[in-house]
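The block underneath contains the structure these notes are about, expressed in structure tokens.
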Amino acid sequence: MNAEPANVLPWQNALWEKLTALHRDQRLPHALLLSGAPGVGKRQFASALARYLLCQTPGAGACGHCKSCQLYDRGTHPDAVWVTPEETGKAIRIDQIRELNHFLSEAAQQGGYRVSVIYPAEEMNINAANALLKALEEPGERTLFVLVSEIPGRMLATIRSRCQLYPVELPPENQALGWLQDQVEDAQTCRLLLGLAGGAPVRALELHQRDGLEQRRQWLKALAQVASGKLGAVDLAATWMKLELVELLDWWLAFMADLIRHQQAGEAVTLANLDARSLVPKFAARASGARLFDFRDKIQDYRLQLLSKANPNKQLLLEDLLLQWSLLFRNER
Ligand SMILES: [Zn+2]
């Protein structure tokens with residue numbers, strides 16, 4: 001099964017040409033590791049490559065018409081397998097890799113390549129990784145593994161060393177904005193989205209499509225209400241439980257960076273939070289400077305806890321952050 005679009009993104013053209021040329025020369029490695037920032041389009045690239053390798057009449061890319069392309073586009077190509085955690089945030093387990101190995105032990109059903117994409121590769125637990133290692137050591141004919149990772153450093157070194165590393169780079173800002181504007185139109189919104197996505201266009205588009213900017217508006221409004229004591233930390237924490245917490249903490253960290261810079265440099269500073277330009281000076285004027293740093297560190301700590309799978313109590317974590325946030329604006333210095 002695959003659920004990714006399969007066109008090559010404009011900033012991936014050079015990488016595309018490199019890999020398809022290797023393929024034409026029959027020098028394509030049997031295992032690739034695509035690494036890069038979240039939302040740069042790694043999975044989309046993997047998908048385009050899989051579709052191309054499976055296509056029966058490829059040109060510079062997959063033809064889009066043959067039986068293989070049709071199967072691929074429906075997500076039912078029997079020679080393409082995506083291995084991904086069964087739930088977001090969970091590990092890729094050994095039985096998933098065993099299933100993959102079983103698939104690889106049989107001949108390709110369409111008589112061509114067999115492609116498996118593993119994403120996020122760093123989420124394989126140790127048993128899964130060891131099971132994959134065997135397959136990487138003895139790949140069959142016309143087999144391609146595409147491992148996709150945001151944090152390749154977290155993968156087993158023995159796995160990494162059996163893959164050829166291909167970084168998927170962030171595009172230059174102009175190219176990213178141009179691509180985004182074809183789909184989102186309003187230039188100001190595109191700038192804001194791209195900034196929030198750390199320059200990663202696919203992530204920016206995804207944020208737009210799920211109405212992330214409206215979420216931001218609500219979030220900023222709530223921060224103001226908590227700061228002025230109109231809204232309680234506990235009540236608000238309960239309503240935020242449904243949100244993607246790591247992203248929320250990323251927003252908060254970027255917001256704190258703006259507050260701190262504004263306190264230090266005043267109006268002259270260029271703010272990263274384009275949608276909070278009126279709020280930042282207000283908060284910066286009211287908050288205690290030393291405490292801003294402590295609070296930022298606290299967010300950072302919690303963010304790491306969330307990422308470490310220590311599985312912290314999210315409700316308590318949010319309550320604590322919101323309480324600390326409200327204290328920044330009490331005059332008890
Ligand atoms: Zn085709």
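Laid out as a table, the results:
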| read-out | value |
| --- | --- |
| Set ARG303, ARG296, ARG261, ARG291: member being under 22 Å from the mean Cα position of the chain (by Cα) and either hydrophobic (A, V, I, L, M, F, W, C) or part of a helix (DSSP H, G or I) (or both) | ARG303 |
| Of all residues making up the range 205-258, the number that are assigned to a helix (DSSP H, G or I) and either of a type outside the set (A, V, I, L, M) or under 27 Å from LYS309 (Cβ atoms) (or both) | 35 |
| Filter result for the condition that a residue is farther than 20 Å from ASP320 by Cβ, in the same structural domain as LEU318 (by TED's automatic domain parsing) and touching a helix residue (DSSP H, G or I) at 6+ places or on another chain (Cβ under 9 Å), over ARG216, ARG191 | ARG216 |
| Cβ pairs under 7 Å, 6+ apart, first in the range 219-241 and touching a residue at least 40 places away in the same chain (Cβ under 8 Å), second β-branched (Val, Ile, Thr) | ALA233/VAL226; LEU236/VAL226 |
| Pair list, Cβ < 8 Å and 6+ apart or interchain, from the range 5-30 residues that are free of Cβ contacts under 8 Å to residues at least 12 places away in the same chain to residues that are in a loop (DSSP other than H, G, I, E, B) and of a type in the set (A, V, I, L, M, F, W, C) | LEU22/LEU28 |
| Cβ-Cβ under 9 Å pairs, at least 6 apart or on other chains, the range 264-284 side of a type in the set (Ser, Thr, Tyr), far side in a helix (DSSP H, G or I) | THR270/ARG261 |
| Unmet requirement for PRO85, which otherwise passes all of (1) assigned to a loop (DSSP other than H, G, I, E, B); (2) surrounded by fewer than 18 Cβ atoms within 10 Å (Cβ to Cβ); (3) out of contact with any strand residue (DSSP E or B) (no Cβ under 9 Å at 6 or more places or on another chain) | (3) |
| Residue list for the range 45-63, restricted to those being touching an Asp or Glu at 6+ places or on another chain (Cβ under 8 Å) and either assigned to a loop (DSSP other than H, G, I, E, B) or more than 8 Å from the ligand (Cβ to nearest atom) (or both) | ALA46, SER47 |
| Residue in the range 64-82 that is nearest to the ligand (Cβ to nearest atom), counting only those that are touching a residue at least 12 places away in the same chain (Cβ under 8 Å), surrounded by fewer than 21 Cβ atoms within 10 Å (Cβ to Cβ) and assigned to a helix (DSSP H, G or I) | LYS67 |
| Selection within the range 175-198 - without any contact (Cβ under 8 Å) to a residue 40 or more places away in the chain and over 21 Å from the mean Cα position of the chain (by Cα) | ASP182, GLU185, ASP186, ALA187 |
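The values are calculated or read from the model by the stated rules, or taken from the named source; none is laboratory data. Being a predicted model, the structure only gives us computed values, none of them experimental. Here the Cβ is made from the backbone with ideal geometry for all residues, glycine too, and neighbour counts use every protein chain on show.
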